[in-house]
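As structure tokens, the structure follows; a few thoughts come after it.
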Amino acid sequence: MVVDLSASLDFGTTGCEKRDLAVAAAAAITHLTSGGGNRIGAVVATGAATTRIPARGGRIHSQSMLRTIATTPSAADGVRGDLLGAIESLRRPQRRRGMAVVISDFLGDIDWERSLRAIAARHDILAIEVLDPRDLHLPDIGDVVLHDPESGRTKEFSVTPRLRADFAEAAAQHRDDVERALRRCGAPRLTLRTDGDWIADVVRFVSSRRHTLGASAVNTARAGRR
């Protein structure tokens, strides 16, 4: 797994932060792929640091890995995320065939497509997108001070109907661009939202793709025994 914990995920306006959803998604993938001789590891990236957890099997390893992900310190203000670097790290060294899962809000530049396509040539790919409603729409709240934690910039805006419309259009366009890039990589996208029921969303997604996910788990187990 690639788990993106850059500063943009330290944000949430409803029941939880996006970081919490990323950790929950990592736990769900760990649970779904456990057993059958499967091994699982992670690359945890904040932009300030990248932590590689080698792939191993067993409950103790899984618990330790998830604890490391959940307790990873946040990056300092003004540190940009590096999703490309995290995805690139999956290519070194070469892995046995299996499944690569990328957990991120995918809000930055789409500079990772080429690297993900290279990984997709050997592995099955799954993208888990974590979003907050404010990533998509601005509320009608008048004057507001907005802060970008990855650039460190702060700016005051007057939230007008025109600004709200432009923001929503730009957000929708970016999500479309991400969707197209992931489709070219052959990666299905599971979206989890801070204002949604992430457990129900995971169950629905797995149910709709149980044959694909099941085949991936079997392939990973077979590769691990070679």
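The values are calculated or read from the model by the stated rules, or taken from the named source; none is laboratory data. What you see is a predicted model, and the numbers here were worked out from it, not measured in a lab. Counting neighbours? That spans all protein chains shown, and the Cβs are built from the backbone with ideal geometry, glycine included.
Considering only residues in the stretch 102-153 that are in contact with a Cys (Cβ under 7 Å, 6 or more places away or on another chain) and charged (D, E, K, R), the one that is farthest from Lys18 (Cα to Cα) turns out to be Arg117. Being touching a strand residue (DSSP E or B) at 6+ places or on another chain (Cβ under 8 Å) and in contact (Cβ under 8 Å) with a residue 40 or more places away in the chain is a description that does not apply to Gly78. Answer yes if at least one residue in the stretch 55-70 is surrounded by 16 or more Cβ atoms within 10 Å (Cβ to Cβ) and part of a loop (DSSP other than H, G, I, E, B), and no otherwise. Checked the stretch 55-70: at least one residue is surrounded by 16 or more Cβ atoms within 10 Å (Cβ to Cβ) and part of a loop (DSSP other than H, G, I, E, B).
Residues in the stretch 87-138 that are more than 19 Å from Thr46 (Cβ to Cβ), without any contact (Cβ under 8 Å) to a residue 60 or more places away in the chain and in contact with a Ser or Thr (Cβ under 9 Å, 6 or more places away or on another chain): Arg91, His123.
Scanning the stretch 100-112 for residues that are over 22 Å from Thr191 (Cα atoms) and in a loop (DSSP other than H, G, I, E, B) turns up nothing.
Of Thr220, Thr160, Thr154, all but one fail to be more than 19 Å from Asp109 (Cα to Cα), touching a His at 6+ places or on another chain (Cβ under 8 Å) and modelled with pLDDT under 95; the exception is Thr154.
Looking only at the stretch 151-180, count how many residues are under 24 Å from Glu129 (Cβ atoms) and either charged (D, E, K, R) or part of a strand (DSSP E or B) (or both).
8
Here Leu136 clears all of (1) of a type outside the set (D, E, K, R); (2) under 17 Å from the mean Cα position of the chain (by Cα); (3) buried (at least 17 other Cβ atoms within 10 Å of the Cβ) except the condition numbered (3).
Filtering the stretch 74-91 to residues that are among the β-branched types (Val, Ile, Thr) and either assigned to a helix (DSSP H, G or I) or in contact with a Cys (Cβ under 8 Å, 6 or more places away or on another chain) (or both) leaves only Ile87.
Evaluation of Lys155 against the conditions (1) over 29 Å from Gly98 (Cα atoms); (2) touching a helix residue (DSSP H, G or I) at 6+ places or on another chain (Cβ under 9 Å) shows that the sole unmet condition is (2).
Do we have Ala7 as modelled with pLDDT of 95 or more and either at positive phi or within 15 Å of the chain's Cα centre (by Cα) (or both) here?
no
Check the stretch 106-117 and report whether any residue there is modelled with pLDDT under 90 and either small (Gly, Ala, Ser) or out of contact with any Phe, Trp or Tyr (no Cβ under 8 Å at 6 or more places or on another chain) (or both). Looking through the stretch 106-117, at least one residue is modelled with pLDDT under 90 and either small (Gly, Ala, Ser) or out of contact with any Phe, Trp or Tyr (no Cβ under 8 Å at 6 or more places or on another chain) (or both).
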